[in-house]
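The values are calculated or read from the model by the stated rules, or taken from the named source; none is laboratory data. Not measured: the values here are computed from a predicted model. Protein only, heavy atoms only, side chains kept; ligands, DNA and RNA dropped before computing areas. Shrake-Rupley method; radii C 1.70, N 1.55, O 1.52, S 1.80 Å.
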Amino acid sequence: MLVALWEMVLNLLFPRRCPICDEPVRIGEGLACAACLPRISYLGEPTCLKCGKNIAGDAEFCPDCAERSHHFDRGIALFEYQSIAGAVYRFKYSGRQEYAEFFGAEISQKLADDIRRLKPDCLIPVPIHKKRLQAEDTIKLPSWLR
Ligand SMILES: [Zn+2]
Ligand SMILES: [Zn+2]
């Protein structure tokens, strides 16, 4: 009860921004605007067994993974990139760390079974390249993501 009240006060002072539209989320709507959620597209089967991208037909791997090797065993993707690209870009380069709660909730709700099935030793985020981090102040959101 006290935590909920504290969150309401914080939300009034510092409104949570929607990862999809980047506008303040109405109190009670959760981690993103209810109207924005249908704009997100999720990947479905079949997917590349290496990187997790959607593929067509009976192929096991996407053309990229069929032609080159990667430094990871398996990747799983949740979103159709174009539908969430603006959120990812702002999360990585524009200081919108508050989106982490939304991404974490989405991953735990929709990928938990896949992750358990793979029994990974650990989950690690892909860190930003140090040159990109150094240039973070100069990175601007491309116009096609606005
Ligand atoms: Zn929104
Ligand atoms: Zn692939």
Over the alpha carbons of segment 70-118, what is the largest minus smallest coordinate on each principal axis, giving the biggest first in Å?
33, 26, 17
Mind pulling the angle between the C-alpha long axis of helix 2-13 and the longest principal axis of the chain? Nearest 10 degrees, somewhere in 0 to 90.
90
One point scatterer per Cα, no solvent, Debye formula: log10 I(q)/I(0) for the chain at q = 0.09, 0.14, 0.16 Å⁻¹ comes out as -0.37, -0.86, -1.08
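Can you sort GLU98, GLU106, GLU67 by 1.4 Å-probe accessible area, starting with the largest?
From most accessible down to least: GLU67, GLU98, GLU106.
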Just reorder GLU101, GLU45 by solvent-accessible area, largest first, 1.4 Å probe, all chains present.
GLU45, GLU101
Based on DSSP H runs of at least 4 residues, each adding -39500 (n - 2.57), what is the mean residue ellipticity at 222 nm of the chain after dividing by all its residues, to the nearest 500 deg cm²/dmol?
-10500 deg cm²/dmol
Pairs to check: LYS53/LYS110; LYS50/LYS130; LYS50/LYS131; LYS92/LYS131. Give those whose C-alpha atoms are more than 19 Å from each other in this structure.
LYS50/LYS130; LYS50/LYS131
